[in-house]
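S.K.: Sharing a structure, written as structure tokens. Questions coming.
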Amino acid sequence: MTPLLRIAITTLILLLPSFASAERIKDISSIAGVRGNQLIGYGIVVGLAGSGDGSTGLTLQSMEAMVSRFGIVTNAAGLNAKNAAAVMVTAELPAFIKPGQKMDVTVSTVGGAKSLRGGTLLMTPLLGADGETYAIAQGNLVVGGLGVEGADQSSLVVNIPTTGRVLGGATVEKMVETSFLETENLILNLNRGDFTGAHNMAEAINEMFGAGVAVPLDSSSIRVRAPQDASQRVSFVSLLENLEVKDAEPPARVIVNSRTGTIVIGGNVRVTPAAVTHGSLTVKVNENPTVTPNSNVAMNGNQTVVTPAAPTVTPNSQISVDQPNVRAFVFDAGVSLSSLVDAINAVGASASDLVAILDALHEAGALHAELLVI
């Protein structure tokens with residue numbers, strides 16, 4: 001049992017009592033239509049200390065197009081992008097943000113630039129999925145990474161110097177329209193779909209605001225009748241999202257990460273009566289060949305000439321088998337998570353052994369849980 005596995009399972013055991021605790025609606029759901037929108041743009045960062053793209057054609061063409069806006073006639077052959085870099089600019093347009101407000105943007109290189117430290121992002125339009133411009137970004141970059149390269153081509157890189165942020169660097173130019181004030185009903189979407197969770201949330205809302213206000217539509221959505229007066233909607237949603245709801249217990253699942261060996265066992269996992277035998281067989285083969293030197297003897301007149309010859313190698317293989325005593329343990333009916341872990345720990349199972357045991361129990365129908373391999 002690896003330390004990481006012990007920590008994960010122990011944490012789950014400690015958190016078992018919290019499964020039935022109450023959660024605020026704002027923490028387990030979101031309002032349909034009230035969301036951010038992804039923006040993207042292409043721009044140029046200038047002012048780099050020799051860590052730019054150099055002779056990259058894309059950057060040179062971009063610089064040529066940039067200076068041509070100011071009436072300067074030039075061509076890519078007459079430019080040098082040693083202190084400039086072509087970048088992609090990304091941002092998330094928050095819900096209800098208005099024109100003139102600021103937001104942060106992330107800048108990432110697309111060419112051969114080694115670092116954006118000390119650079120300045122030139123005016124860059126940020127486009128939405130519809131191709132419309134929703135914000136304009138420009139400003140000095142904050143770069144958390146550092147890259148240094150020596151004359152002998154040795155280099156040292158700390159964090160990621162090819163990505164930076166411009167804090168408050170984008171100004172919103174266009175607002176995304178929302179139906180929050182016009183729609184008759186609000187739709188609450190659960191972060192984790194569950195019929196019991198949807199039912200509990202609707203019951204809690206109706207208990208607070210009156211029968212029929214909330215109607216569960218499916219395992220993920222609850223329709224809530226909103227006030228007709230638009231001026232009361234903010235207050236209504238404020239009360240609604242702070243309402244506490246008894247969260248539904250998650251389904252019984254065992255999650256296995258095949259790449260890292262991490263195993264997470266849900267608190268609702270149960271095992272029906274089953275006997276498990278766990279053992280291992282180790283076979284070792286040691287080769288210790290015997291080498292016998294040889295020589296060639298030849299007569300040259302009255303003289304005997306001895307010359308070395310290829311040695312004789314005699315194989316000598318030693319095979320040993322190590323088979324520890326097989327340990328067995330029995331699960332009684334309704335065994336809980338803690339008992340399951342204790343039983344497996346008692347035989348000293350590793351992460352791979354635990355996966356094999358759980359898979360065998362699942363195939364035998366004794367593990368009452370969904371086994372997921374990610």
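Taken together, the values in this text are just the output of simple stated rules run on the coordinates, not laboratory data. Every value quoted in this text rests on a predicted model; they were computed, and no experiment measured them. Neighbour counts are summed over all protein chains in view; Cβ atoms, including those assigned to glycine, are modelled from backbone coordinates with ideal geometry.
S.K.: Please give the contour-minus-distance gain from Thr307 to Ile136: 0.36 nm per residue of separation, less the Cα-Cα distance, rounded to one decimal in nm. Walk me through the numbers before you get to the answer.
M.R.: Working: separation 171, 0.36 × 171 = 61.56 nm, distance 8.79 nm.
Answer, rounded to one decimal: 52.8 nm.
S.K.: Within the set of other residues whose C-beta is less than 13 Å from the C-beta of Leu240, count the net charge using Lys and Arg as +1 and Asp and Glu as -1.
M.R.: On the way: positive: Arg24, Lys26, Arg223, Arg225, Arg233; negative: Asp27, Glu207, Glu241, Glu244.
My count for the surroundings of Leu240 gives +1.
S.K.: A further question on this structure: Given axes a ≥ b ≥ c from the Cα gyration tensor, I'd like to know whether the range 37-172 is rounded (a/c under 1.5), prolate (a/b larger than b/c) or oblate.
M.R.: Taking the square roots of the gyration eigenvalues as a ≥ b ≥ c, the range 37-172 is oblate.
S.K.: What lysines sit close enough to Lys102 to cross-link, taking a C-alpha to C-alpha distance under 18 Å and skipping anything fewer than 8 places away on the same chain?
M.R.: Within reach: Lys174.
S.K.: Could you estimate the translational diffusion coefficient of the range 230-272 from the Stokes-Einstein equation, with Rh from the Kirkwood formula over C-alpha pairs, at 4 °C and 1.567 mPa s, in whole µm²/s?
M.R.: Roughly 91 µm²/s, to the nearest whole number.
S.K.: Treating cross-link reach as a plain straight distance, find the lysines whose alpha-carbon is under 19 Å from the alpha-carbon of Lys82, omitting any fewer than eight places away in the same chain.
M.R.: The reachable lysines, counting only those whose Cα sits under 19 Å from Lys82, are Lys114.
S.K.: Per-residue HN-Hα couplings for the range 85-96, Karplus 6.51 cos²θ - 1.76 cosθ + 1.60 at θ = phi - 60°, whole Hz, x for Gly and Pro?
M.R.: 8, 7, 9, 9, 10, 10, 6, 10, 7, x, 5, 6
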